[in-house]
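> Here it is, the structure in full.
The values are calculated or read from the model by the stated rules, or taken from the named source; none is laboratory data. In this text the structure is predicted, and so the values were computed from the model without any measurement. With ideal geometry, Cβ positions are generated from the backbone for all residues, glycine too; neighbour counts draw on all protein chains shown. What goes into the accessible areas is simple: the full protein's heavy atoms, side chains included, and nothing from ligands, DNA or RNA. Shrake-Rupley method; radii C 1.70, N 1.55, O 1.52, S 1.80 Å.
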Amino acid sequence: MGCVIGKCCTSSHYPPSTDDDISQFRDAPPCSLHGKHILTGRSLESVRVPSHKYNLEYSLLTQRGYYPDSPDKENQDNLCVSTQIQGNPNVHIFGVFDGHGQFGMQCSNFVKDRVVQLLYNDSRLLEDPVKAYNSAFLTANDELHNSEIDDSMSGTTAITVLVIGNTLYVANVGDSRAVVAVKNGNRIVAEDMSHDQTPFRKDECERVKLAGARVLTIDQIDGFRDPDIQVWGDEESEGNDPPRLWFPNSLYPGTAFTRSVGDSTAEKIGVTAVPEVSVVQLTPNHLFFVIASDGVFEFLTSQAVVDMAARYNDPRDACSAIAGESYKIWLEHENRTDDITIIIVHIKGLSNSGGSGSVGLNGVRIRHSNSERGTSEISATTGTSEAFRSFRSDFSDLHVSQHVGLMNKSTAIVVPSPAQHRPLEVEVG
């Protein structure tokens, strides 16, 4: 299994994609896989999917946040790219893990390693990827609880994309996000493959309330607003004071997410490690996908991120531009930034005749099941999952080395903030 694992707003700012953008994206000559990128210091990486005769070209970037009050705070994000899972050249996984709390870095590093290893060792992976996903996340959660890491008030979110042939299985726990860029006429449209799990979602809010959580904003806790009246609207308009989860008559834990791995205290009021899994069958209209922490999506919409990424033929350029823009917008709104982590994967050479989309690798038909310990919502372009209906695409004609190693880290200058003239330090391989 080849691995790269390590630490590794409105859309109006970015004009929508046009025919010229699509033509440029499709017709550009292949990028060199040998020269290193001047900003990220990385070579463009590529992996073949021989079952459907296409390539995945990708780049990744993780950036420590700017914390003026905590200059020594470490980057709590982690990421992974693991190719040829179980020795199968058609199975690959990409993931971003956003740690939080005092021991967030240790939590995200632990979960990153264990989820990949558990999937690698699961004999059900090709036959039932959804069941394997559920098992991996729940087992990693139990192991984290029983490890030497104190996860009582620390944990990690996780967003992973498992590629099996021409099918993407996207498992989400928390508020990081996976987005796929879809060609639709003369536009490139962002289609969310995951849905942030926060109290802004009515289904998630009601679920944690049934488990005993109080859901209140900081203003409600401090008495500036009536705690008996729901005062928040949607995430984009109320993001500066989001609803959070609290124990009854207590001022903790205050999590702004409803699912995570770790957070053993918050588990008592409904926070769970059960992933929501969506399924997307790739077509030639799928151009690339983006996986990123909420350091990117806090102030940038999915469409804004896709519009920016579509303007660069090289995913390394796109990673740098999006990280730099995220950093800049954070400082326009606050005196700090979050950690910023992003993976961009270009889908190259996929055709309708590349292979059968309904049959898994080695002739095994892919089927879906629920976890024994929780429900995993599944979404496909022809599915009916209520949880994913709000962000399902409008394109009804679209179908939707054996040991994990650490990436060597180095420092590179990516993009200075125009407002602050402060260079970014990026940990890259």
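> What FRET efficiency comes out for the pair ASN186/GLU143, r = Cβ-Cβ distance, R0 = 51 Å, nearest 0.05?
0.55
> Beyond 31 Å between alpha-carbons counts as too far, so tell me which of LYS73/LYS131; LYS112/LYS209; LYS131/LYS268; LYS131/LYS328; LYS131/LYS209; LYS53/LYS328 fall in that bin. Provide the component values of the computation, followed by the final result.
Numbers: LYS73/LYS131 37 Å; LYS112/LYS209 29 Å; LYS131/LYS268 24 Å; LYS131/LYS328 40 Å; LYS131/LYS209 27 Å; LYS53/LYS328 39 Å.
LYS73/LYS131; LYS131/LYS328; LYS53/LYS328, as the Cα separations exceed 31 Å there.
> What share of all Cα pairs of region 198-256, in percent, falls into each consecutive 10 Å distance bin?
Histogramming region 198-256 at 10 Å steps yields 25, 62, 13 percent.
> Determine how large the accessible area of ASP228 is when every protein chain is in place; take a 1.4 Å probe and give Å² rounded to the nearest 10.
The value for ASP228 is about 140 Å².
> With a point put 7 Å past each Cα toward its Cβ, work out how far GLU334 is from PHE247 in nm, to one decimal.
The two pseudo-label positions are separated by 2.5 nm.
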